[in-house]
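The block underneath contains the structure these notes are about, expressed in structure tokens.
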Amino acid sequence: MRSQVNLAACAAFCLILILYFPAKAQNKGPAVLQWRSFLPYNEVLGIATDGQTFFCATGSGFFTYNVQDGSLDAYSKVNGMHDVGLKSVGYDEKTGQAILAYDNSNVDLFKDGQFRNIPDLKLAQVSGDKTIHSIVSRDGTAYLCSGIGRVLLNLEKTEVKETVVFY
């Protein structure tokens with residue numbers, strides 16, 4: 001009889017603990033039936049910075065590292081990027097945006113955890129190598145150095161401003 005009382009008391013105590021303290025580990029991560037990404041971010045292909053945050057391009061995705069608080073945020077096509085296979089990264093101080101160039105000439109602009117896509121060069125019907133090799137940015141204009149020439153992006157309007165083709 002005494003063991004039945006102890007068993008009932010133990011069960012009641014466990015039930016109170018379960019109901020009183022929520023399971024915090026279950027609140028992390030995406031909801032049920034949403035994608036998760038487990039990608040390698042150890043091979044950095046390019047880095048740009050605003051002095052406080054490092055914007056790092058990898059073959060699998062993109063991540064930011066905040067120097068002040070040590071936070072690391074990883075991104076991929078699962079959580080906002082418009083393509084895969086990053087090639088280069090740049091940063092524009094005036095607009096506060098990181099410019100991400102992919103292997104296939106697609107371009108994303110990144111700011112405050114959001115991505116905006118500029119697919120114009122990727123979709124352009126031109127012959128030659130459209131691969132973006134490097135990015136330099138100044139005063140709201142990104143200068144993309146590609147195999148076909150130089151492409152200027154207006155970062156505020158999110159559009160191609162000018163294309164200079166080298167033959």
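Structural remarks
- Hey, Gln68 more than 28 Å from Val164 (Cα to Cα) and part of a loop (DSSP other than H, G, I, E, B) or not: yes
- The residues listed here are Gln97, Gln68; of these, the one that is in contact (Cβ under 8 Å) with a residue 12 or more places away in the chain, open to solvent by 50 Å² or more (accessible area, probe 1.4 Å) and of a type in the set (S, T, N, Q) is Gln68.
- Filter result (among the hydroxyl-bearing types (Ser, Thr, Tyr), in contact (Cβ under 8 Å) with a residue 12 or more places away in the chain and part of a loop (DSSP other than H, G, I, E, B)) within region 71-93: Ser76
- Top-ranked residue of region 71-85 - restricted to ones that are over 16 Å from Leu45 (Cβ atoms) and of a type in the set (A, V, I, L, M, F, W, C), ranked as most open to solvent (accessible area, probe 1.4 Å): Leu72
- Contacts under 6 angstrom Cβ, first residue in region 48-65 being open to solvent by 10 Å² or more (accessible area, probe 1.4 Å) and part of a loop (DSSP other than H, G, I, E, B), partner modelled with pLDDT under 90 and of a type in the set (A, V, I, L, M, F, W, C), 6 or more apart: Ser60/Leu39
- Scoring Asn42 on the criteria (1) touching a Leu at 6+ places or on another chain (Cβ under 7 Å); (2) part of a loop (DSSP other than H, G, I, E, B); (3) at pLDDT below 90 leaves a single failure, condition (1).
- Within region 150-167, the residues that satisfy the criterion of being surrounded by fewer than 16 Cβ atoms within 10 Å (Cβ to Cβ) and either under 23 Å from the mean Cα position of the chain (by Cα) or outside any loop (DSSP other than H, G, I, E, B) (or both) are Arg150, Leu152, Asn154, Glu156, Lys157, Thr158, Glu159, Lys161, Glu162, Val164, Val165.
- For Lys130, the conditions (1) touching a helix residue (DSSP H, G or I) at 6+ places or on another chain (Cβ under 7 Å); (2) within 16 Å of Asn154 (Cα to Cα); (3) charged (D, E, K, R) are fulfilled apart from (2).
- Region 55-73, residues that are among the hydrophobic types (A, V, I, L, M, F, W, C) and more than 22 Å from Glu93 (Cβ to Cβ): Leu72
The values are calculated or read from the model by the stated rules, or taken from the named source; none is laboratory data. Since the model is a prediction, treat every value here as computed from it, not as a measurement. Because the Cβ atoms are built from the backbone with ideal geometry, glycine has one as well, and the counts that use them run over all protein chains shown. Ligands, DNA and RNA are stripped out before the accessible areas are found, and what is left, the full protein with its side chains, is counted by its heavy atoms. Shrake-Rupley method; radii C 1.70, N 1.55, O 1.52, S 1.80 Å.
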